[in-house]
Structures are given as C-alpha cells and as structure tokens.
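The values are calculated or read from the model by the stated rules, or taken from the named source; none is laboratory data. Keep in mind it's a predicted model, so treat the numbers as computed, not measured. A quick note on method: Cβ atoms are made from the backbone with ideal geometry, for glycine too, and the neighbour counts reach across all protein chains shown.
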Amino acid sequence: MYPASFEYTVPATLDEALETLGRYEDEAKVLAGGQSLIPLMKLRFAAPRVLVDINRLPGLDTLAEDGGALRIGALVRHKTCERSELLGGRWGTLGAAAPLISDPIIRNLGTVAGSLAHADPQGDWGSALLAMDADVVARGPDGTRTIGLRELFQGPFVTSLEPTEIITEVRVPDPGPVAGGTYLKLERKVGDFATVGVAVHLSMDDGRVGRAGIALTAVGPTNLRATAAEEALAGREPTDEVIAEAARLAAEAAQPYSDTRGSADYKRTVVRVFTERGLRTVREAIR
Ligand SMILES: Cc1cc2nc3c(=O)[nH]c(=O)nc-3n(C[C@H](O)[C@H](O)[C@H](O)COP(=O)(O)OP(=O)(O)OC[C@H]3O[C@@H](n4cnc5c(N)ncnc54)[C@H](O)[C@@H]3O)c2cc1C
C-alpha cells in the first residue's frame, strides 16, 4: 500500500527542523531511519502532513565516550553500534544488543534514538539502555531537557516527548571501571522481533555489585525495568544463590501475555532463565 500524500522537508539545521515541527505540531513527524515510520505510513496507521527528515543535520552522528559516559547521537545507526569496538566491556549490554536487531537492511538505516522515540515494547534498545540507566536529550521550542527512559516510555508506542521536540542524543552514565553486561534475545527466526529479551548490566565495587541493571523486552506495555531484581543484587556478592533470586524476581516483574509466540508462562520462564544466564555470563566476564 502507498502512504497518504505528505510534504517532505529536509532542514539544513536543527533550528530549521524545530521551526518546522513548531509550525505543524502534531501534524508533523521526524524522519530518521524510516524503518518504523515508513511501514506505519504505508499501512496508513500514520498519516503525517509533513515529514521532517533529520538525516542531513550535522553533528548528530557521534558515538563516543565523553568523561567516562557514552554519547549516542540521534543519527547513530544500529549498524554503527554493531561494528563499534567501543561497545564491548563496560558497554557490553549495548554491544550485545546491536547485532540482534532485525536484519542488516534494517540495521543499516535504523537509529538508536528513533527506536527509543518509537517506544515499541518489543524494541531491543529500550531494554539495553534502561539497564544502563540512560537518558535522552531532547531539544524543543523552549530549550533542551533530559528525560530518563522510564519517564520517556509511557505506554506501547507512546512517549513523553512533545511533537515539537527532537531527541538530539542518548546519554549513558559512566558505569565505573569494573563493569559489564549482555543482552539475550529469544526470536522465532533470525531477524524477528523478540519473543522475550533480557538486558543485564553489573557495575562492581570491590567484589560486590555496586549497581545492577535488568530490563525486559516484549513482556509488558513498555520495556520494563526489573527493579526488585536489581535491588536483590545491589551490595551483594553475585553468588549463584543471589543470581537465582534476582532471576526469580525478574520473572515476577514481567507482565507477559499469551500470543502466537508463546504462552505467558513460557515467556516468564524465559525471563528467569535468561536473567540467570546473563548474570552468570557477566559475572564470569568481569572476573
Ligand atoms: C521488518 C522490521 C524488523 C524490525 N526488527 C526489529 C528488532 O528485532 N528489534 C528492534 O529493536 N527493532 C526492530 N525494528 C525497528 C527498527 O529498529 C527501527 O529502525 C527503529 O524502531 C526506528 O528507528 P528509525 O531511525 O528507523 O526511526 P523512524 O522510523 O524514522 O522513526 C520512528 C519514530 O520515531 C520518531 N523519531 C525518530 N527519530 C527521532 C528523533 N531523533 N527525535 C524525535 N523523534 C524521532 C519518528 O517521528 C517516528 O515516530 C524492525 C523494523 C522492521 C521494519
């Protein structure tokens, strides 16, 4: 199916992009990689009057450490993350998630920020970045604000972004010197959306867990943070028993429903098994 007709604009500066968004408000849509927006327009689930293509805006493609933290610009593609040597070790949760996103065609164009703005509960970046406590930086007519991901994700495909705002970058705080993480994804076949995904991150402090991040994909109305599981790890040595208890609590935090991909019970079990497996893997890698 063809999309409904629309105007296409290619601003040269961020201010120009914001000016167009301000003029059309919720009749305009930002176009980044187009890998979610264009299919929605073709299916006529979205019919924006104006598209604001941000692909030629300068300075939005940075993927770099900055004072120990990580900056991911709004035009950083999934493939850039997949190929980045930076995203191992302390940033391992992100490095593990990148190659599991769909297929090479989607990864070539899709952006990390676009994925967050799309807020699909089956999106992999949402969980990987929740586990790492990331924020997005949004520019709008009234200036710049920082939004934590838990506040950003309001419901399936709903965020706290205003239609006049653009995410300019994602910021991931410094995980500390001894840290690691991973992402595990169950998919029916390669390239599919997650049946279940689990992101885990551990920042260690003198042999104990300083901060734990655990977030779940495709088992709730948004990507979910398993807070009780994180708290069960904090300040403890990550022994098999502590990890098993955290995995049990992560499964409890999941809100899955039964569908063609599997029953709710099955998905909850996968959350438990993946959390346990992920945490054990990270513990060994950090050692
Ligand atoms: C067949 C298929 C399989 C897929 N499989 C997976 C998968 O396994 N895992 C996964 O995580 N994702 C998957 N995706 C989604 C893919 O990752 C998209 O690339 C991503 O969700 C959206 O990024 P984008 O840059 O393409 O955004 P776009 O499609 O351009 O935009 C998506 C939405 O975000 C808004 N937006 C984009 N950028 C910004 C910004 N900087 N500021 C404010 N709003 C913005 C747009 O207005 C739009 O509403 C799949 C998509 C397809 C088509």
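Regarding the range 97-112, can at least one residue be identified that is surrounded by 17 or more Cβ atoms within 10 Å (Cβ to Cβ), under 20 Å from Ala134 (Cβ atoms), modelled with pLDDT of 95 or more and more than 13 Å from the ligand (Cβ to nearest atom)?
Taking every residue of the range 97-112 in turn, none turns out to be surrounded by 17 or more Cβ atoms within 10 Å (Cβ to Cβ), under 20 Å from Ala134 (Cβ atoms), modelled with pLDDT of 95 or more and more than 13 Å from the ligand (Cβ to nearest atom).
Quick check on Val136: is it among the hydrophobic types (A, V, I, L, M, F, W, C) and in contact with a Cys (Cβ under 7 Å, 6 or more places away or on another chain)?
On the way: among the hydrophobic types (A, V, I, L, M, F, W, C): yes; in contact with a Cys (Cβ under 7 Å, 6 or more places away or on another chain): no.
The answer is no for Val136.
Run Gly123 past the list (1) within 14 Å of the ligand (Cβ to nearest atom); (2) surrounded by fewer than 18 Cβ atoms within 10 Å (Cβ to Cβ) and report the number of the one that doesn't hold.
The failed condition is (2).
Give just the number: which of (1) closer than 22 Å to Gly123 by Cα; (2) part of a strand (DSSP E or B); (3) in contact with a Phe, Trp or Tyr (Cβ under 7 Å, 6 or more places away or on another chain); (4) within 13 Å of the ligand (Cβ to nearest atom) does Leu51 not satisfy?
Evaluating Leu51 over (1) closer than 22 Å to Gly123 by Cα; (2) part of a strand (DSSP E or B); (3) in contact with a Phe, Trp or Tyr (Cβ under 7 Å, 6 or more places away or on another chain); (4) within 13 Å of the ligand (Cβ to nearest atom) leaves (1) as the failure.
Here is a list: Asp66, Asp15, Asp26. Which entry is at pLDDT below 95, of a type outside the set (Lys, Arg) and more than 18 Å from the chain's Cα centre (by Cα)? Walk me through it before giving the result.
Working: Asp66 fails: at pLDDT below 95; Asp15 fails: at pLDDT below 95.
One residue alone meets the criteria, Asp26.
Give the residue that is farthest from Ala215 (Cα to Cα), with candidates limited to residues of the range 168-198 that are within 11 Å of the ligand (Cβ to nearest atom), of a type in the set (A, V, I, L, M, F, W, C) and not in a strand (DSSP E or B).
It comes out as Val190.
Every residue, every condition in (1) surrounded by fewer than 21 Cβ atoms within 10 Å (Cβ to Cβ); (2) under 30 Å from Ile286 (Cα atoms); (3) within 11 Å of the ligand (Cβ to nearest atom), yes or no:
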{"residue": "Leu21", "(1), (2), (3)": "no, no, yes"}
{"residue": "Tyr24", "(1), (2), (3)": "yes, no, no"}
{"residue": "Asn55", "(1), (2), (3)": "yes, no, yes"}
{"residue": "Ala69", "(1), (2), (3)": "yes, yes, no"}
{"residue": "His78", "(1), (2), (3)": "no, yes, yes"}
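Among the residues of the range 107-130, which ones are closer than 14 Å to Ala194 by Cβ and over 9 Å from the mean Cα position of the chain (by Cα)?
Asp120, Pro121, Gln122
Within the range 169-212, work out how many residues are surrounded by 20 or more Cβ atoms within 10 Å (Cβ to Cβ) and farther than 17 Å from Gly88 by Cβ. Walk me through how you get there before you give the answer.
Keep residues of the range 169-212 that are surrounded by 20 or more Cβ atoms within 10 Å (Cβ to Cβ), which gives 169-170, 172, 175, 179-186, 194-204, 209, 212.
Filter once more, keeping what is farther than 17 Å from Gly88 by Cβ: 169-170, 185-186, 194-198, 209, 212.
Qualifying residue count for the region: 11.
So, in the range 137-152, how many residues would count as being touching a residue at least 60 places away in the same chain (Cβ under 8 Å), more than 13 Å from the ligand (Cβ to nearest atom) and not in a helix (DSSP H, G or I)?
The qualifying residues number 1.
From the list Ala96, Ala117, Ala64, which residue is closer than 22 Å to Val137 by Cβ, in contact with a strand residue (DSSP E or B) (Cβ under 8 Å, 6 or more places away or on another chain), aliphatic (A, V, I, L, M) and in a helix (DSSP H, G or I)?
Values: Ala96 fails: closer than 22 Å to Val137 by Cβ; Ala64 fails: in a helix (DSSP H, G or I).
Just a single option satisfies the conditions, and that option is Ala117.
Hey, can you tell me all the residues within the range 254-282 that are part of a helix (DSSP H, G or I) and at positive phi? Break it down into steps so the answer makes sense when it comes.
Applying the first criterion (part of a helix (DSSP H, G or I)) to the range 254-282 yields 264-282.
If the condition is that a residue be part of a helix (DSSP H, G or I) and at positive phi, then no residue fits.
Of the residues in the range 28-48, how many are touching a strand residue (DSSP E or B) at 6+ places or on another chain (Cβ under 9 Å), within 6 Å of the ligand (Cβ to nearest atom) and of a type outside the set (A, V, I, L, M)?
Restricting attention to the range 28-48, the residues satisfying the condition of being touching a strand residue (DSSP E or B) at 6+ places or on another chain (Cβ under 9 Å) are 28-35, 37-38, 41, 46, 48.
Still in the list and also within 6 Å of the ligand (Cβ to nearest atom): 29-35, 37.
Retained after the next criterion (residues that are of a type outside the set (A, V, I, L, M)): 29, 33-35.
The total comes to 4.
Please count how many residues of the range 120-134 are part of a helix (DSSP H, G or I) and polar (S, T, N, Q). Before you say what the answer is, go through the steps one by one.
Here is the first cut: in the range 120-134, the ones part of a helix (DSSP H, G or I) are 124-131.
Among the residues that remain, those that are also polar (S, T, N, Q) are: 127.
Residues that pass the stated criteria total 1.
Taking the range 225-253 on its own, how many of its residues are in contact (Cβ under 8 Å) with a residue 40 or more places away in the chain and either within 16 Å of the ligand (Cβ to nearest atom) or part of a loop (DSSP other than H, G, I, E, B) (or both)? Step through it out loud before you land on a result.
Looking only at the range 225-253, we keep the residues that are in contact (Cβ under 8 Å) with a residue 40 or more places away in the chain, and these are 225-226, 229, 233, 238, 240, 243, 250.
Add one more test, that the residue is either within 16 Å of the ligand (Cβ to nearest atom) or part of a loop (DSSP other than H, G, I, E, B) (or both), and what stays is 226, 238.
Result for the range 225-253: 2.
What pairs come out if I take residues in the range 180-196 that are in contact (Cβ under 8 Å) with a residue 12 or more places away in the chain and pair them with residues that are hydroxyl-bearing (Ser, Thr, Tyr) and buried (at least 24 other Cβ atoms within 10 Å of the Cβ) whose C-beta lies under 6 Å away, six or more apart or interchain?
Gly181/Thr93; Tyr183/Thr93; Ala194/Thr217
Given the residues Ala134, Ala128, Ala74, which is the only one that is crowded, with 24+ Cβ neighbours inside 10 Å, closer than 15 Å to Thr62 by Cα and modelled with pLDDT of 95 or more?
Ala74
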